[in-house]
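Structure first, commentary second.
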Amino acid sequence: MRRPLAGLLLFVSSAGFAADPPANVVFRRATVLDGSGRPAFVADVHLNGGRVAAVGPVGDVAAATEVDA
């Protein structure tokens, strides 16, 4: 069973306090809950410098650490 985005949200919120957040991280096939009330959906999530840069088809990201969510 997949966990909702809770683990990703924890990572994003704690990354803001890190001295050097990872430059590029891509979570592949993450379950995303966007807070709008819509049902959860599966998408790629790209974090750049500890901030969400993209949600959806991300493609290849140079020098990114990839996590199969």
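Details
- Residue that is surrounded by the most Cβ atoms within 10 Å (Cβ to Cβ), among those in region 54-67 that are touching a residue at least 24 places away in the same chain (Cβ under 8 Å) and part of a strand (DSSP E or B): VAL67
- Whenever a residue of region 35-49 is in contact (Cβ under 8 Å) with a residue 24 or more places away in the chain and under 11 Å from ALA64 (Cβ atoms), its partners that are open to solvent by 20 Å² or more (accessible area, probe 1.4 Å) and assigned to a strand (DSSP E or B), lying with C-beta atoms within less than 8 angstrom and at least six residues away or across chains, give the pairs LEU47/ASN24; LEU47/PHE27; LEU47/ALA53; ASN48/ASN24.
- PHE27 at pLDDT 80 or above, open to solvent by less than 60 Å² (accessible area, probe 1.4 Å) and hydrophobic (A, V, I, L, M, F, W, C): yes
The values are calculated or read from the model by the stated rules, or taken from the named source; none is laboratory data. These figures come from a predicted structure and were not determined experimentally. Using ideal geometry, Cβ is built from the backbone for each residue, glycine included, and neighbour counts are taken over all protein chains shown. These area figures cover heavy atoms from the full protein model, side chains too; ligands, DNA and RNA do not enter into them. Shrake-Rupley method; radii C 1.70, N 1.55, O 1.52, S 1.80 Å.
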